[in-house]
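Data first, discussion second: the structure below is written as structure tokens.
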Amino acid sequence: MKVYIEMNIDKPVTAKQLSAVVRLGPRHFQRAFKKCFGVGPHTFVLERRVQRAQELMLATDEPLCQIALAAGFADQSHLTKRFQYAVGITPSVWRRHKTQDPFARAA
């Protein structure tokens, strides 16, 4: 399941698609997924997309609009909203702090 999500992180991933991958009904799948991972599939995918955006911000100098698309967000605004909700600060502030701190990349 994680492999499928990782391979498709830049594309829309629905609970219906994920349930088909593991051959479970959508409702059964969502309950089993939450029991296994502690969050629902939608939340898991969003969290993973935020993590992917963080990885890209540290590894590249690409603009945030390109990183947003590469991480599977609809646009930069979508990335900013979800990122701020998950991390507590905007992506541009997070990137600035991480790239200015020489020890941040090791963490």
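The values are calculated or read from the model by the stated rules, or taken from the named source; none is laboratory data. Not measured: the values here are computed from a predicted model. Positions of Cβ are generated from backbone atoms using ideal geometry, with glycine treated the same way; all protein chains shown enter the neighbour counts.
Numbers for the structure displayed
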quantity	calculated
Extreme residue, nearest to the chain's Cα centre (by Cα), among residues of region 1-15 that are buried (at least 16 other Cβ atoms within 10 Å of the Cβ) and in a loop (DSSP other than H, G, I, E, B)	Ile9
Single unsatisfied condition, Phe83 versus (1) under 19 Å from His97 (Cβ atoms); (2) free of Cβ contacts under 8 Å to residues at least 12 places away in the same chain; (3) aromatic (Phe, Trp, Tyr)	(2)
Yes/no for Leu18 being outside any helix (DSSP H, G or I) and either surrounded by 13 or more Cβ atoms within 10 Å (Cβ to Cβ) or free of Cβ contacts under 8 Å to residues at least 12 places away in the same chain (or both)	no
Positions within region 28-66 being over 11 Å from the mean Cα position of the chain (by Cα) and closer than 14 Å to Lys81 by Cα, in sequence order	Leu64, Cys65
Top-ranked residue of region 59-69 - restricted to ones that are among the aliphatic types (A, V, I, L, M) and touching a helix residue (DSSP H, G or I) at 6+ places or on another chain (Cβ under 6 Å), ranked as surrounded by the most Cβ atoms within 10 Å (Cβ to Cβ)	Ala68
Residues (closer than 21 Å to Gln54 by Cα and among the hydroxyl-bearing types (Ser, Thr, Tyr)) located in region 1-43	Tyr4, Thr43
Selection count where residues are surrounded by fewer than 16 Cβ atoms within 10 Å (Cβ to Cβ) and either in contact (Cβ under 8 Å) with a residue 60 or more places away in the chain or not β-branched (Val, Ile, Thr) (or both), scope region 87-98	5
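Table: residues versus (1) small (Gly, Ala, Ser); (2) modelled with pLDDT under 95; (3) more than 14 Å from Met1 (Cβ to Cβ).
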site	(1), (2), (3)
Phe29	no, no, no
Gln51	no, no, yes
Glu55	no, no, yes
Glu62	no, no, yes
Gly72	yes, no, yes
Gln76	no, no, yes
Phe83	no, no, yes
Pro91	no, no, yes
